[in-house]
């Protein structure tokens, strides 16, 4: 952490057009870097803004003001990202559970097909899958006389749910496989049917082990929702870029993107902490 | 209590795992109410034989009949077979997400579709029988090994089986808790339950068994009533084994 104050001599790390700000801004950063991450991020944010504001031309609005001005719009975009993440997660989980169960099916054909699909969607880049869904799905579905429109946001949700599906399938399969075979044997010798064993005995135990990786996957998905900006959907990322274009000020790049980062961080970090907590709690019980 | 009527009949059974022959031409008969012990070195196929009896492992040759049910029949009604055969495992295998009482109640309620109130009364009686009445609402994780094993025995008994199979049930227990479990099994045996035990407890086998089978390398080397078996083993292999364990 100490080395950071030394490396600030590098021009690339200095805020542009404001050499005066570097001394205290960097020193602050160094001092707080070792302490709570949260505190550091907030301070860094304010330091950047204040520093930038101090050296700004008087004719322009201050950075804090400007960021504040765009905040509601970008927040609404961020909310949209969260909606997309929730919808993709629900869809991907539903499909992934089926695929995961398919992988432990007694029918070899079902098992192999599920395995192949899982591996395919797990090992494909998310952005490519997103493009795949955007351009392969029609803009509307005709089922008989019924026409179901498929707007871009819906296609994006489907596109993002594909890798989620593959990963959930693997979480489900792994969770079920992690339950000792002794549980299957004793349940079998008590005359339970395979379905009863799965739903009454194995899955209730396995769900506990699936929740932490599933939450982890959700946090990753939430961050990955910014990918939809690439395919032209108005998410937080697109709106931030739009705000930057409208302001046409290079000194806003850092604060605005930083604000966006903070939003995602504020949402995903608690999930990561909770995941860790659950992991520890379940580990003790197991 | 022992009658001459056989309940488990094993005839010329062969079991293979790939190229490895684990059971070779094994035959034995268990009469109703009888307690038999199968002893022998590790890997001699004892546990596999038990698993074959309740169709957890399919056999490759021969025939097994349990209470008139042909176990190797392709059209086997596994439910009917497993209702008659209770199994207790070395690792207890209680369901960790259910309390002791729920562990005992689950199969009768869900498999046999019996009335919950009746099953609960029976489950509590069984818990009392294994001296764990006060542990009814405790989860397996909070029970000692011996206590878990006794709940596992009660769980099997709740299905009203005609035969109980015990697969090295005390092998994972310390001497103190071992006693509690052996006591429960002894009680069962004297009450007339048909018991098939795979065990390393020679003293216990000598005491409770009506008949001892010694297996080695997948075959039954020798068998006989305990007094005779322990005092005058005929086969060299049996004597060598007994010398080591006694």
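The values are calculated or read from the model by the stated rules, or taken from the named source; none is laboratory data. Here the structure is a predicted model, which means the values were calculated and not measured. Please note: Cβ atoms are built from the backbone with ideal geometry, for glycine as well, and neighbour counts cover all protein chains shown.
Structure above, values below:
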read-out	value
Residue within region B:14-30 that is under 20 Å from residue B:160 (Cα atoms) and in contact (Cβ under 8 Å) with a residue 24 or more places away in the chain present	yes
Which numbered condition residue B:159 misses (of (1) free of Cβ contacts under 8 Å to residues at least 60 places away in the same chain; (2) outside any helix (DSSP H, G or I); (3) within 17 Å of the chain's Cα centre (by Cα))	(1)
Some residue of region B:35-48 being within 14 Å of chain A (Cβ to nearest Cβ) and within 30 Å of residue B:108 (Cα to Cα)	yes
Hits in region B:102-118 - residues which are surrounded by fewer than 21 Cβ atoms within 10 Å (Cβ to Cβ) and more than 9 Å from chain A (Cβ to nearest Cβ)	B:102, B:109, B:113, B:114, B:115, B:116, B:117, B:118
Scope region A:166-183; condition crowded, with 18+ Cβ neighbours inside 10 Å and at the interface with chain B (Cβ under 9 Å from one of its Cβ atoms); matching residues	A:183
Residues satisfying the stated conditions in region A:133-151, i.e. touching a helix residue (DSSP H, G or I) at 6+ places or on another chain (Cβ under 7 Å) and in a helix (DSSP H, G or I)	A:133, A:134
Which listed residue is at pLDDT below 95, in contact with a helix residue (DSSP H, G or I) (Cβ under 9 Å, 6 or more places away or on another chain) and either closer than 30 Å to residue B:80 by Cβ or within 14 Å of another protein chain (Cβ to nearest Cβ) (or both), from A:194, A:241, A:249	A:194
Those residues of region B:66-78 which are more than 18 Å from the chain's Cα centre (by Cα) and either within 12 Å of chain A (Cβ to nearest Cβ) or buried (at least 21 other Cβ atoms within 10 Å of the Cβ) (or both), in sequence order	B:77
Number of the exception - residue A:144 against (1) touching a residue at least 24 places away in the same chain (Cβ under 8 Å); (2) more than 14 Å from every other protein chain (Cβ to nearest Cβ)	(1)
Set A:86, A:113: member being over 25 Å from the mean Cα position of the chain (by Cα) and either surrounded by 12 or more Cβ atoms within 10 Å (Cβ to Cβ) or in a helix (DSSP H, G or I) (or both)	A:113
Every residue from region B:5-40 that is part of a loop (DSSP other than H, G, I, E, B) and buried (at least 22 other Cβ atoms within 10 Å of the Cβ)	B:34, B:40
Hey, residue B:87 within 13 Å of chain A (Cβ to nearest Cβ), buried (at least 21 other Cβ atoms within 10 Å of the Cβ) and either modelled with pLDDT of 95 or more or at negative phi (or both) or not	yes
Filtered residue count, region B:54-65, keeping only those that are within 14 Å of chain A (Cβ to nearest Cβ) and within 27 Å of residue B:188 (Cα to Cα)	4
Residue A:180 being under 30 Å from residue A:80 (Cα atoms) and free of Cβ contacts under 8 Å to residues at least 12 places away in the same chain	no
Residues that are without any contact (Cβ under 8 Å) to a residue 24 or more places away in the chain and within 19 Å of residue A:226 (Cα to Cα), drawn from region A:117-141	A:125, A:128, A:135
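The rows are residues; the columns are (1) assigned to a loop (DSSP other than H, G, I, E, B); (2) within 14 Å of chain B (Cβ to nearest Cβ); (3) buried (at least 16 other Cβ atoms within 10 Å of the Cβ).
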| position | (1), (2), (3) |
| --- | --- |
| A:260 | no, no, yes |
| A:266 | no, no, no |
| A:270 | no, no, no |
| A:281 | no, yes, no |
